[in-house]
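I have a structure here, written as structure tokens, and I will follow up with some questions on it.
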Amino acid sequence: MELKRGEKMTMRNKYRKPTTFHCNAGSRCSPSVVVWSLVGFLLSLHLYSLVSHNGGKVGDVQFHTSHHTLFRELEEVEEENIQIPPPKGKRSPRAAKRRPKRPTTLIDEFLDENSQLRHVFFPDMKTAIDPMNDSGNDSFNYYPGRIWLDTEGNPIQAHGGGILYDESSRTYYWYGEYKDGPTYHAHKKGAARVDIIGVGCYSSKDLWAWKNEGIVLEAEEANETCDLHKSNVLERPKVIYNEKTGKYVMWMHIDDANYTKAAVGIAISDYPTGPFNYLHSKQPHGFDSRDMTIFKDDDGVAYIIYSSEDNSELHIGPLTEDYLDVTHVVRRILIGQHREAPALFKYQGTYYMITSGCTGWAPNEALAHAAESIMGPWETMGNPCVGGNKMFRQTTFFAQGTYVFPLTGLPGSFVFIADRWNPADLRDSRYVWLPLIVGGPADRPLDYDFGFPVWSRVSIYWHRKWRLPSGRRGLK
């Protein structure tokens with residue numbers, strides 16, 4: 001579908017009809033009988049849809065992955081009971097009467113760099129994950145929110161990033177924003193920022209111990225007209241490999257300090273560790289583009305997904321065969337829903353996506369979406385977060401998603417990667433890696449049709465401490 005700027009796309013189901021139940025005059029029609037009959041009908045319809053979707057093989061239908069012993073540990077979530085401390089000092093009765101103070105929330109405490117709960121959200125270096133020193137029972141454990149050190153003992157700098165598995169070297173590469181600089185505001189009303197330093201790259205064989213491969217795309221110090229000049233914005237870099245050209249291709253969000261450029265940038269390299277050669281920036285399909293990601297499908301076709309129209313909707317479209325440009329095909333999705341930070345993945349022929357709301361550096365509620373075709377229509381499935389407490393779930397565990405990748409050998413299991421942003425000191429932002437499981441029937445009806453979808457529920461499980469199931473490290 002080709003869209004021109006200013007065109008709008010609406011979705012309408014011409015088959016939608018009101019559902020009514022009729023009782024013959026003089027007969028007794030119990031509401032409970034009607035309700036349970038409807039429930040039974042919907043469950044039967046859902047089962048039939050699932051079996052049909054899997055080619056009629058009942059054994060292929062996965063009702064819940066918890067029956068698999070490897071998932072049980074991942075699904076045993078932990079609850080959090082964080083008590084907000086009393087305020088320091090007392091307000092005078094007159095001041096309270098003049099301007100009543102609203103109750104302090106956990107989000108307020110999270111954003112307050114002087115909060116007494118600061119250590120809960122941003123533990124200090126004493127608790128850092130150190131792959132070179134940890135041994136015994138602490139090896140290979142993930143601690144969401146803790147400082148994560150590389151093999152040289154320095155905090156990993158790969159924010160807003162993604163993972164690439166390189167078949168030739170059988171190595172994982174983690175790319176992300178290198179933010180090891182001072183946080184400041186470009187102007188009074190500007191957002192907290194760090195000057196562009198570049199894109200960091202780390203390599204690993206086991207997804208736990210990461211070696212720093214250096215900055216693979218560096219900032220420009222002198223030329224102020226360059227997209228990569230340090231005064232500009234470089235966010236959410238993602239890298240995919242093109243088998244036809246033999247090139248590693250990086251896409252990223254490129255902007256100016258005021259976020260008015262709203263473009264994507266493209267860079268290429270012959271090696272996963274760079275250096276990457278920056279080509280240019282552009283507004284894809286002629287639309288503004290901010291938070292973005294790229295997704296490579298099983299057939300080798302790659303897609304770009306980006307927030308557009310002032311973050312009010314998402315756009316999705318295929319890239320050219322060399323992955324260096326967009327085609328003329330684009331679809332507008334989640335219109336008017338104000339979602340950003342898209343992270344796509346695929347399971348059993350269904351496409352899934354995790355997005356966040358638009359609240360700057362402040363955390364907000366994640367939503368899961370699904371579609372039978374990557375070009376849509378996309379359905380919203382609800383909040384995928386499980387565990388912690390209500391506020392943890394409503395804030396995506398005080399983080400924002402950036403990438404989802406599969407665990408080979410564990411069908412329906414993925415790792416959800418998110419950033420716990422620290423707007424007071426962005427270089428000290430943390431990583432939240434958590435297990436994501438696709439399994440069990442969806443518990444929310446379709447928006448555009450009657451009945452329940454054929455795809456499964458998406459769940460992100462909270463853990464203070466977790467590890468990949470035994471024998472699943474170095475997964476390829």
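Taking segment 363-385 as the search range and keeping residues that are over 15 Å from the mean Cα position of the chain (by Cα) and farther than 19 Å from G336 by Cβ, which one is surrounded by the fewest Cβ atoms within 10 Å (Cβ to Cβ)? Outline the logic, then answer.
Keep residues of segment 363-385 that are over 15 Å from the mean Cα position of the chain (by Cα), which gives 371-379.
Add one more test, that the residue is farther than 19 Å from G336 by Cβ, and what stays is 372-374.
On the way: E372: 16, S373: 11, I374: 21.
By that ranking, first place goes to S373.
Among the candidates D180, D195, single out the residue that is under 21 Å from W433 (Cα atoms), open to solvent by 30 Å² or more (accessible area, probe 1.4 Å) and either in contact with a Leu (Cβ under 7 Å, 6 or more places away or on another chain) or outside any strand (DSSP E or B) (or both). Working first, answer last.
Values: D195 fails: under 21 Å from W433 (Cα atoms).
After ruling out the rest, the residue left standing is D180.
Follow-up. Consider I240 carefully, then state whether it is open to solvent by 10 Å² or more (accessible area, probe 1.4 Å), at pLDDT 95 or above and in a strand (DSSP E or B). Talk me through it step by step, then tell me what you get.
Numbers: open to solvent by 10 Å² or more (accessible area, probe 1.4 Å): yes; at pLDDT 95 or above: yes; in a strand (DSSP E or B): yes.
Yes, satisfied.
Scan segment 59-76 and give yes if some residue there is aromatic (F, W, Y), within 30 Å of D428 (Cα to Cα) and modelled with pLDDT of 60 or more, otherwise no. Spell out the reasoning first.
From segment 59-76, those aromatic (F, W, Y) are 63, 71; that's our starting set.
Subsequent filtering for residues that are within 30 Å of D428 (Cα to Cα) retains none.
There is no residue in segment 59-76 that is aromatic (F, W, Y), within 30 Å of D428 (Cα to Cα) and modelled with pLDDT of 60 or more.
What do you reckon, is T402 modelled with pLDDT of 95 or more, out of contact with any Pro (no Cβ under 8 Å at 6 or more places or on another chain) and of a type outside the set (A, V, I, L, M)? Break it down into steps so the answer makes sense when it comes.
Details: modelled with pLDDT of 95 or more: yes; out of contact with any Pro (no Cβ under 8 Å at 6 or more places or on another chain): yes; of a type outside the set (A, V, I, L, M): yes.
Yes.
If you go through segment 214-233 one residue at a time, how many are surrounded by 19 or more Cβ atoms within 10 Å (Cβ to Cβ) and outside any loop (DSSP other than H, G, I, E, B)?
First pass over segment 214-233, keeping only residues surrounded by 19 or more Cβ atoms within 10 Å (Cβ to Cβ): 216-217, 219, 227-228, 232-233.
Right, trim to outside any loop (DSSP other than H, G, I, E, B) and you get 216-217, 233.
Qualifying residue count for the region: 3.
Within the bounds of segment 154-169, is there any residue that is open to solvent by 20 Å² or more (accessible area, probe 1.4 Å) and closer than 21 Å to K465 by Cβ?
Scanning segment 154-169 turns up at least one residue that is open to solvent by 20 Å² or more (accessible area, probe 1.4 Å) and closer than 21 Å to K465 by Cβ.
Additional query: How do the pairs read when you match residues in segment 250-268 that are touching a residue at least 40 places away in the same chain (Cβ under 8 Å) with residues anywhere that are β-branched (V, I, T), using Cβ under 6 Å and keeping only pairs 6 or more apart or on different chains?
As it stands, the answer is M250/V239; W251/V264; W251/I266; W251/I294; I268/V249, since those pairs meet every condition given.
Output the number of the condition that G317 fails; it satisfies all remaining conditions of (1) assigned to a loop (DSSP other than H, G, I, E, B); (2) buried (at least 17 other Cβ atoms within 10 Å of the Cβ).
With respect to (1) assigned to a loop (DSSP other than H, G, I, E, B); (2) buried (at least 17 other Cβ atoms within 10 Å of the Cβ), G317 is out only on (1).
Moving on to the next point. Name the single residue, out of those in segment 132-146 being open to solvent by 20 Å² or more (accessible area, probe 1.4 Å) and of a type outside the set (S, T, N, Q), that is farthest from the chain's Cα centre (by Cα).
The residue in question is G136.
Go through (1) assigned to a strand (DSSP E or B); (2) under 27 Å from G286 (Cβ atoms); (3) open to solvent by 50 Å² or more (accessible area, probe 1.4 Å) one by one and return the number of the condition M252 breaks.
Of everything listed in (1) assigned to a strand (DSSP E or B); (2) under 27 Å from G286 (Cβ atoms); (3) open to solvent by 50 Å² or more (accessible area, probe 1.4 Å), M252 misses just condition (3).
Would you say T245 is in contact with an Asp or Glu (Cβ under 8 Å, 6 or more places away or on another chain), in a loop (DSSP other than H, G, I, E, B) and open to solvent by less than 60 Å² (accessible area, probe 1.4 Å)?
Values: in contact with an Asp or Glu (Cβ under 8 Å, 6 or more places away or on another chain): yes; in a loop (DSSP other than H, G, I, E, B): yes; open to solvent by less than 60 Å² (accessible area, probe 1.4 Å): no.
For T245, the condition - in contact with an Asp or Glu (Cβ under 8 Å, 6 or more places away or on another chain), in a loop (DSSP other than H, G, I, E, B) and open to solvent by less than 60 Å² (accessible area, probe 1.4 Å) - is not met.
Look through segment 320-348, keep the residues that are open to solvent by 40 Å² or more (accessible area, probe 1.4 Å) and charged (D, E, K, R), and return whichever of them is farthest from I240 (Cα to Cα).
Of everything passing the filter in segment 320-348, R331 is farthest from I240 (Cα to Cα).
So, one more: Could you list, in sequence order, all residues of segment 109-128 that are open to solvent by less than 20 Å² (accessible area, probe 1.4 Å) and of a type in the set (S, T, N, Q)?
Selection gives S115 alone.
When you go through T355, T327 one by one, which is the residue that is within 27 Å of L111 (Cβ to Cβ) and in contact with a strand residue (DSSP E or B) (Cβ under 6 Å, 6 or more places away or on another chain)?
On inspection, the qualifying residue turns out to be T355.
The values are calculated or read from the model by the stated rules, or taken from the named source; none is laboratory data. Here the structure is a predicted model, which is why all the values come from computation and not from measurement. Reconstructed Cβ throughout: ideal geometry from the backbone, glycine too, with neighbour counts over all protein chains shown. Please note that ligands, DNA and RNA were not included when accessible areas were found on the heavy atoms of the full protein model with its side chains. Shrake-Rupley method; radii C 1.70, N 1.55, O 1.52, S 1.80 Å.
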